[in-house]
Each structure stands twice: as C-alpha cells, then as structure tokens.
C-alpha cells in the first residue's frame, strides 16, 4: 500500500473526498489549512486502485497553478486492511503507477558521468573476462553494467507517447554501446594473448537460446518494474545479452577477425531487438498507457509502429542468420 499525498487549494478538498468515496480507498484524511490557503489531503490506497485514484486527482487539480502530488511508501499499516487487493498482492499481482514507473525509468536513462563511468568499467571487466575465459569475471561486469535503464525507457516512452523520453533513451543507449565498442576495440589492439577462448567465441554465433535469453530479459525487466520488485538481477540479465557481444565485436574487429565480428554483430542486433520487443509487449499487456485521451491515441500509433519495426527487424535478422545455412 502507498499514500497519495495532495497539496492543493482548500477548495478542492470536497472533490478529493468524493474521489476517495468513489474509489473506496482504504482511508482518507485532510490536514489543517495552511497560511497560503492550501490543504494536505492523503489517500491510503491499495495497488488495485492506486492508478485510478491518481488519475482522478490529476484531472481534478490539473488546472490549479500551485499544487503538488506525492506518492509515499507505507512500510506497515495497523490495523492491516484485509481487502481483495491484499490477497491479489500476495499472489504477485502488485502494480506500480505510471508516474512511479516513469520516475524509476527516467533515472536509468541519464547520459551523465556516472553512466559513462559504469559503461567504461564494465566494458574493461567484460573484455578481460572474455579474453581470459573467466565466467566469474564476465558475470561481475554484468553487475555494474547500466544497460537496463535506456532500453526500458525506450519501451516506456513509446507506451506513453513521450517522444522526449524516447529520444533521451535512444541517445543514452547508443552512447553506451558506442563507448563499449570503441573501448573493446582498443583492448583488442593491445591484447597480446590468444583470442580463442570459449567465452569469446560463444558470442560470435547466434542461436535460439540467445534470442530466448534476450526475450526473457526484456520481459522480466518490465515485470520487475511494473510490480515494484527489485530489478538488480534482471539488469544483470539484460547486460549479459548486450555487453559481451558488443565487447566481442570490438575485440574481433581489432584482430581483423571480421567474420567472427559479423557473427557478434548479428547476436547483438538480435538481442537488442528481442529485449525491446519483449519489453514493449509486456508493457502493453500490463496496460501501461497515458492518462489523457489525446495522449492515448498518440501512444497507440507509436506502439503499433514500434512493435511492427522490432518484429520486422527480428524477422530480417533471422533470415540473415539462417538463409546462408540452407
């Protein structure tokens, strides 16, 4: 459960109380009116009605100039509200609001010094792990690789019709992959040992298992975010699908193994498509969409185009992979 706290003009209090009654929130209370004429109203909401209450509140006070809406976590509530929502929560059907999801995803799509440094460090660790055939080191690189955020932000931006978030996510993702590619190329130039480790060669071939891993990673990432569950391990899964193939491309290209580099390019392309396609489908199934009617229609068009592009891209890649073997 969470608290939706609304700081708005005192004239909205009765309307907010009506919203609480309409959606049968677990509890509703209002604080004292402040000197500026605003009051604090709080809704104690369950996961099932949280988004509906939040949308109704925004529709009510969106014309006001001086308001704030906060979503606050609740560690415990005594007495515990025994509702059907709580039973659903225990079965794993907890949901998070569009606004909470946006806030979490937006932070992961920031092209800042921290993101660049994490990509830099994770690429070095991944490249060393691949070259030395050390699985533990490769996994360690995945833990610090920040590649989950931009890909999920791209899918969410499409789902809610936010072109600004989409462009930010796309730039962040491309910048991270470009940095990893350039850095791994440099590492490949200065590496004096062999480049025939099993870990490295495994990233030069595209199989159904790799595509399945990427699909599962994208779907699990969105599920973890929309249900409010920890996404650290899911981030590792996405990094496994994206960073090692990118590092392999750079290393193989630096050693003029262009055929193997091409195989790694295909693997990376398939993984990117699968992660984003799965993420978008799960967002669609979970019902993540904009609040207003106009934005919903805009998002519906972008979602259809988005899914079509990724599905066609996956089909083309599969043809490129399997037609030469026939």
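The values are calculated or read from the model by the stated rules, or taken from the named source; none is laboratory data. None of the values given here were measured: they were computed from a predicted structure. Here the Cβ is made from the backbone with ideal geometry for all residues, glycine too, and neighbour counts use every protein chain on show.
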Item to complete: Looking only at the range 125-148, decide whether some residue is at pLDDT 90 or above and under 19 Å from residue 274 (Cα atoms).
Response: no
Worksheet item: Does residue 212 fit the bill of being in contact with a helix residue (DSSP H, G or I) (Cβ under 7 Å, 6 or more places away or on another chain) and assigned to a helix (DSSP H, G or I)?
Response: no
Item to complete: Please list, ordered by first then second residue, the pairs with beta carbon atoms under 7 Å, 6 or more apart or interchain, first in the range 188-202 and in the same structural domain as residue 240 (by TED's automatic domain parsing), second surrounded by fewer than 17 Cβ atoms within 10 Å (Cβ to Cβ).
Response: 188/255; 195/255; 197/132; 197/133; 198/133; 199/133; 199/135
Worksheet item: For the subset of the range 157-181 comprising residues that are surrounded by 13 or more Cβ atoms within 10 Å (Cβ to Cβ) and over 30 Å from residue 98 (Cα atoms), which member is farthest from the chain's Cα centre (by Cα)?
Response: 181
Worksheet item: Filtering the range 1-40 down to residues that are assigned to a loop (DSSP other than H, G, I, E, B) and surrounded by 17 or more Cβ atoms within 10 Å (Cβ to Cβ), which residue is modelled with the lowest pLDDT?
Response: 1
Practice prompt. Could you give me the residue pairs with C-beta distances under 9 Å whose first residue belongs to the range 297-317 and is in the same structural domain as residue 277 (by TED's automatic domain parsing) and at pLDDT below 80, whose second residue is exposed (fewer than 12 other Cβ atoms within 10 Å of the Cβ) and assigned to a helix (DSSP H, G or I) wherever it lies, and which are 6+ apart or on separate chains?
Written response: 302/163
Discussion item. If residue 189 satisfies all but one of (1) farther than 30 Å from residue 304 by Cβ; (2) surrounded by 19 or more Cβ atoms within 10 Å (Cβ to Cβ); (3) in contact with a helix residue (DSSP H, G or I) (Cβ under 6 Å, 6 or more places away or on another chain), what's the number of the condition it fails?
Written reply: (2)
